[in-house]
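Worksheet: one structure, shown below.
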Amino acid sequence: MVEQKILTDEEQKTEKNFREEEIEFEVKGDKLRGTLFTPVGRGPHPAVVFYHGRNSSRQSYLPIGAQLAENGITAFCFDFRGHGESEGDPEKIQIEDLWLDTTKAFDFLRKRSGVEYDDEGNYGLCGVSMGGDFAATLAGIWSQNVKSLVLRAPTAYTLETGTEPIDTLGRILKLRRDWKAARVFNYVKHFQGELLIVASQNDEEIPQALIQDYLDHAMSAKEKEVYMIKGTGHNLGDVDSPARLEFKKVVVDWFKNTLVVRR
């Protein structure tokens, strides 16, 4: 009979073909916390940043980050201020504060050793709901370097919502539905990479008309696709729910096919 060896946590990490590291970085005096997944082996590696939604955290995206790293892609999942394990008072934080978090997280990853950065770019961004607005805006600003973009049920904030506390934004969007004036559309039109929008069939927050507006404004995108998750609403459920697992597979396959992985 062969005796099964029980690995310690440290030994289990060395058995994987990626490294997992807890990260802290500071924005305006608040500590933001995240998890960085880095492939083992010679880099540089392509990299993806995940931007979660309002009242959510990075926890739902850690399994996706780990699987991307297994496939040679660095992944960075972090918590916005006032969310998850990051510092900050959600009653005082405004949408413009979270936009600053968005740029700081991307800057952190760009400057990380072992991450690929060149004139052609080999970055991916994935944004969900609130994070979708931020990811799409950032992709437009860094259009020469962000090659691939995934948006799931992205919202679109107007300039007026920029000074609203984040805990009121959901109510505002439900009442006004005035996304056509959102600034994200002024930026996503410059994105030149490959765009995937993942929609939920029964989304009670994001109307299909908003998804179509994203597609229409992304006029410079090399490729545009929509993937519909059937039978689910805005929230995909727990990390092991069928809808969440479907989303994980879609995201991993997309970035594997659109980012250049050098073995």
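What pairs come out if I take residues in segment 131-157 that are over 16 Å from D107 (Cα atoms) and pair them with residues that are of a type in the set (D, E) and surrounded by 24 or more Cβ atoms within 10 Å (Cβ to Cβ) whose C-beta lies under 7 Å away, six or more apart or interchain?
Short answer, once both residue conditions are applied: P154/D133; T155/D133; A156/D133; Y157/D133.
Residues checked against (1) surrounded by fewer than 16 Cβ atoms within 10 Å (Cβ to Cβ); (2) among the acidic types (D, E); (3) at pLDDT 95 or above:
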| position | (1), (2), (3) |
| --- | --- |
| S148 | no, no, yes |
| L169 | no, no, no |
| A181 | yes, no, no |
| H217 | no, no, yes |
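Please work out which one of (1) surrounded by 19 or more Cβ atoms within 10 Å (Cβ to Cβ); (2) of a type in the set (A, V, I, L, M); (3) at pLDDT 95 or above is the condition V226 fails and give its number.
(1)
If I ask for residues that are at positive phi and either in contact with a Ser or Thr (Cβ under 6 Å, 6 or more places away or on another chain) or of a type outside the set (G, A, S) (or both), which ones from segment 79-102 would you list?
Within segment 79-102, the first condition is being at positive phi, and the residues that meet it are 82, 84, 88.
Passing the criteria: only G84.
Within segment 38-55, restricting attention to residues that are assigned to a strand (DSSP E or B) and under 12 Å from the mean Cα position of the chain (by Cα), which residue is farthest from V150 (Cα to Cα)?
Restricting to residues being assigned to a strand (DSSP E or B) and under 12 Å from the mean Cα position of the chain (by Cα), the top hit is A47.
Since A209 meets every condition but one in (1) among the hydrophobic types (A, V, I, L, M, F, W, C); (2) at pLDDT below 95; (3) within 21 Å of N55 (Cα to Cα); (4) not in a loop (DSSP other than H, G, I, E, B), which condition does it not meet?
Here A209 clears every test but (3).
Identify the residue in segment 34-85 that is of a type in the set (S, T, N, Q) and crowded, with 21+ Cβ neighbours inside 10 Å and, among all such residues, is farthest from D107 (Cα to Cα). Break it down stepwise before answering.
Step one: of segment 34-85, the residues of a type in the set (S, T, N, Q) are 35, 38, 55-57, 59-60, 67, 71, 74.
Next, only the ones that are crowded, with 21+ Cβ neighbours inside 10 Å stay: 35, 38, 60, 74.
Values: T35: 15, T38: 17, S60: 22, T74: 14 Å.
The extreme case among them is S60.
For the condition exposed (fewer than 13 other Cβ atoms within 10 Å of the Cβ), out of contact with any Phe, Trp or Tyr (no Cβ under 9 Å at 6 or more places or on another chain) and among the polar types (S, T, N, Q), what is the one hit in Q192, Q201? It would help to see each step written out before you state the result.
Values: Q192 fails: exposed (fewer than 13 other Cβ atoms within 10 Å of the Cβ).
Only one candidate passes the filter, namely Q201.
Does D240 satisfy the criteria of being under 19 Å from L68 (Cα atoms) and at pLDDT below 95?
Details: under 19 Å from L68 (Cα atoms): yes; at pLDDT below 95: yes.
Yes; evaluated as a whole, the condition is true for this residue.
Quick check on my filter: what residues within segment 204-215 are exposed (fewer than 13 other Cβ atoms within 10 Å of the Cβ) and of a type in the set (D, E, K, R)?
Selection gives E204 alone.
Mind listing just one residue for me: the one in segment 86-101 that is among the charged types (D, E, K, R) and touching a Leu at 6+ places or on another chain (Cβ under 9 Å) and, of those, surrounded by the most Cβ atoms within 10 Å (Cβ to Cβ)?
Looking only at segment 86-101, we keep the residues that are among the charged types (D, E, K, R), and these are 87, 89, 91-92, 96-97, 101.
Next, only the ones that are touching a Leu at 6+ places or on another chain (Cβ under 9 Å) stay: 87, 101.
Details: E87: 15, D101: 25.
If we take residues in segment 86-101 being among the charged types (D, E, K, R) and touching a Leu at 6+ places or on another chain (Cβ under 9 Å), then D101 is surrounded by the most Cβ atoms within 10 Å (Cβ to Cβ).
Return the total of residues in segment 16-37 being more than 16 Å from the chain's Cα centre (by Cα) and either modelled with pLDDT of 95 or more or not in a loop (DSSP other than H, G, I, E, B) (or both).
If we filter segment 16-37 for residues that are more than 16 Å from the chain's Cα centre (by Cα), which is where we start, we get 16-31.
Pick out the ones that are also either modelled with pLDDT of 95 or more or not in a loop (DSSP other than H, G, I, E, B) (or both) and you get 18-27, 30-31.
Number of matching residues: 12.
The values are calculated or read from the model by the stated rules, or taken from the named source; none is laboratory data. Keep in mind that what you see is a predicted model, and the values were worked out from it rather than measured. Here Cβ is always computed from backbone atoms with ideal geometry, including for glycine, and neighbour counts include all displayed protein chains.
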